[in-house]
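The values are calculated or read from the model by the stated rules, or taken from the named source; none is laboratory data. Treat the numbers as computed from the prediction; the structure is a model and nothing was measured. Cβ: placed from backbone, ideal geometry, glycine included. Neighbour counts: every protein chain shown. To get the accessible areas, we keep the full protein, side chains included, count just its heavy atoms, and leave off ligands, DNA and RNA. Shrake-Rupley method; radii C 1.70, N 1.55, O 1.52, S 1.80 Å.
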Amino acid sequence: MHVVNANDVWKTIKRKTILRGASLTVGEGQVYVLAGPNGAGKTTLIRILMGLISMDSGRIEVLGCKPGDPDWDKVKLDIGYLPEDASPYDRLTGWENLRFYAELYSQGDPSKVEEYLENAAAISGLTREELSRRAGGYSRGMKRRLLIAATLMHNPRLVVMDEPTSGLDVFAAYRVKRTIRSMAGKGYTFLITTHDMSEAQELATHIGFIESGRIIFQGTVEDALSAYSAESLEEAFVRAVGDGRS
Ligand code: ADP
Ligand code: MG
């Protein structure tokens, strides 16, 4: 079974066609990086997959369920989702922020809340003292680490992160990538977006190139390099777009 399957997804917002038949498939254990320039439609596709906005046409399935189906609320508990514009509650402490998510995911099982909180604290790399402070005083990198920990605390079957390193300095971005790699090593399935091809190359097992609302290539990183006789994903992407335009 595929973890994520999107087939021929179309979406027009305010007369602008943003997705033009986008299709992608994420298999279990993959780190699938959806890579393409700003405005290509990455966030729109992710929001559709997360059931936050509707599509005009197409077929999607996430963990065997269509967003909005009766089972969707249950399936959502198996997903960790970091939205592009996510930020913690500034007036809550790190712990309180994490507890908010832990209670959501544990569905009223108090022993799970504690387990998830411990997981999250370890994943965040924040000290107990830092977690006791209000998130409003955190650096951007600390805020992102807190949210990423919240995304992963409940051992989700699918982790979706929309531009997890954007706006971070080099050290903070490095830590986030290290966390993703370490979780990927434990067998988690990721769907990650980025506009940064070198980041895609660092993280991906599988890659989808998105350009103007279409997935113009999908496959393993090695497939992408050999399909375009490229040394890097950046070069492969430029050639893929060139092929599409010529
Ligand atoms: P990406 O995440 O790849 O940068 P997005 O999916 O955010 O791309 O956006 C794709 C295009 O659709 C952009 O040109 C963006 O301005 C436009 N767009 C997305 N959402 C809306 C919206 N709610 N209203 C108007 N335009 C939108
Ligand atoms: Mg985006």
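Kindly indicate whether residue 1 is at pLDDT below 95 and aliphatic (A, V, I, L, M). So that I can check it myself, show each step before the final result.
On the way: at pLDDT below 95: yes; aliphatic (A, V, I, L, M): yes.
Here the answer is yes, as residue 1 does meet what is asked.
Filter segment 1-12 down to residues that are of a type outside the set (A, V, I, L, M) and surrounded by fewer than 22 Cβ atoms within 10 Å (Cβ to Cβ) and give me whichever is farthest from ligand 2 (Cβ to nearest atom). Walk me through how you get there before you give the answer.
Taking segment 1-12 first, the residues of a type outside the set (A, V, I, L, M) are 2, 5, 7-8, 10-12.
Checking the rest, the ones that are also surrounded by fewer than 22 Cβ atoms within 10 Å (Cβ to Cβ) come to 2, 5, 7-8, 10, 12.
On the way: 2: 23, 5: 21, 7: 21, 8: 21, 10: 18, 12: 17 Å.
Looking at residues that are of a type outside the set (A, V, I, L, M) and surrounded by fewer than 22 Cβ atoms within 10 Å (Cβ to Cβ), I get 2.
So that you can scan it fast, the table gives a plain yes or no per residue for (1) within 16 Å of ligand 1 (Cβ to nearest atom); (2) open to solvent by less than 20 Å² (accessible area, probe 1.4 Å); (3) at pLDDT below 95; (4) part of a loop (DSSP other than H, G, I, E, B):
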{"position": "156", "(1), (2), (3), (4)": "no, yes, no, yes"}
{"position": "159", "(1), (2), (3), (4)": "no, yes, no, no"}
{"position": "164", "(1), (2), (3), (4)": "yes, yes, no, yes"}
{"position": "171", "(1), (2), (3), (4)": "no, no, yes, no"}
{"position": "175", "(1), (2), (3), (4)": "no, no, yes, no"}
{"position": "182", "(1), (2), (3), (4)": "no, no, yes, no"}
{"position": "201", "(1), (2), (3), (4)": "no, no, no, no"}
(message) Here are the criteria: (1) open to solvent by 10 Å² or more (accessible area, probe 1.4 Å); (2) touching a Phe, Trp or Tyr at 6+ places or on another chain (Cβ under 8 Å); (3) not in a loop (DSSP other than H, G, I, E, B). Tell me which single one residue 136 does not satisfy.
(response) (2)
(request) Consider residue 83 carefully, then state whether it is outside the structural domain of residue 186 (by TED's automatic domain parsing), within 13 Å of ligand 2 (Cβ to nearest atom) and either farther than 19 Å from residue 194 by Cα or open to solvent by 10 Å² or more (accessible area, probe 1.4 Å) (or both). (result) yes
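Considering segment 184-199 alone, what residues qualify as being open to solvent by 60 Å² or more (accessible area, probe 1.4 Å) and assigned to a helix (DSSP H, G or I)? Full working, then the answer.
Filtering segment 184-199 down to residues open to solvent by 60 Å² or more (accessible area, probe 1.4 Å) leaves 185-186, 195, 198.
185, 198 - these are the residues of segment 184-199 that are open to solvent by 60 Å² or more (accessible area, probe 1.4 Å) and assigned to a helix (DSSP H, G or I).
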(message) Restricting to segment 13-56, and then to whatever is farther than 23 Å from residue 69 by Cβ, more than 8 Å from ligand 1 (Cβ to nearest atom) and assigned to a loop (DSSP other than H, G, I, E, B), can you tell me which residue is nearest to the chain's Cα centre (by Cα)?
(response) 30
(request) Give segment 206-226 a look and list any residue that's open to solvent by 60 Å² or more (accessible area, probe 1.4 Å) and more than 27 Å from residue 56 (Cβ to Cβ), or say none. (result) 222, 223, 226
(request) Please specify each residue of segment 13-39 satisfying the condition of being without any contact (Cβ under 8 Å) to a residue 60 or more places away in the chain and away from ligand 2 (no atom under 16 Å from the Cβ). (result) 14, 15
